[in-house]
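The values are calculated or read from the model by the stated rules, or taken from the named source; none is laboratory data. Computed from a predicted model, the values in this text were never measured in an experiment. Note: ideal-geometry Cβ built from the backbone for every residue, glycine included; neighbour counts use all protein chains shown. Areas reflect the complete protein model, heavy atoms only, side chains present, ligands, DNA and RNA absent. Shrake-Rupley method; radii C 1.70, N 1.55, O 1.52, S 1.80 Å.
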Amino acid sequence: MNRLVIQISLIVALAAFAVTAGKSKFGGGFKPSAELLEAVKISKSQPAKVRDVVVPETYDVRDLNGVNYASINRNQHLPQYCGSCWAHGSTSAFADRINIARKNAFPLPLICVQYIIDCGGAGSCYGGDDYLVWKHLSEVGAPDETCNNYQAKNGACVEFNECGTYESFTTPPTNISEYQMYKVGDYGVITNG
């Protein structure tokens, strides 16, 4: 399967308090993985090279020197309830970083949330771990939303759910074999203390 790849370097900030997740009455939301817990443990014992970086007082991707680099807002609960905040937040943050790197060049990316739910190995509509999303984005990548529109449901990671379409009302689904994948170059954990 031939895939075009865009690689973007990124460091993911995960606040230390996020590791202790609360439970929602629906059973969804953030669920820390063993990989995240290990990464937090390592980052506390082995300070990262970002220690000398000056962090600005404020940072708003919607207004960086008067330019809005934010990706679109989406509702994780339409067309039905799905506890996929972990996938929406990660893919939106990634799209924002691509917009910044590409200076909002057309087309603006919309990273496929449904692909992450189906194929990312990071969670489901019952919760997930954004750290595993970043791991998947680094190792495999993710296609644009045009490959698999958000359905707010758990699906199998089959070729059609990676990237597929219908060519007419009467034809069976078609798998698309050549499509662009977006990848993360760097990711990690930043704790405050």
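Take the alpha carbon gyration tensor of the stretch 40-190, find the square roots of its eigenvalues, order them as a ≥ b ≥ c, and report rounded if a/c is under 1.5; if not, report prolate when a/b exceeds b/c, else oblate. It comes out prolate by the Cα gyration axes.
Each peptide in 162-173, 83-94 was scored by the mean count of other Cβ atoms within 10 Å over its residues; highest first, the order is 83-94, 162-173. How many nm is it between the label spots at residue 146 and residue 126, if each spot is 7 Å from the Cα in line with the beta carbon? Distance between the two pseudo-spin positions: 3.5 nm.
A Cβ-based charge dipole, computed about the Cα centre of the stretch 49-193 with Lys and Arg at +1 and Asp and Glu at -1, lands at about 240 debye.
Note on residue 158 and residue 103: their simple-model spin labels are 4.5 nm apart, each label 7 Å out from Cα toward Cβ. Rolling a 1.4 angstrom probe over the protein heavy atoms with all chains in place gives the stretch 65-166 an accessible area of 43 Å² per residue. Restricting the trypsin sites (Lys or Arg not before Pro) of the stretch 87-131 to loop positions (DSSP other than H, G, I, E, B) with no more than 10 neighbouring Cβ atoms within 10 Å leaves 103.
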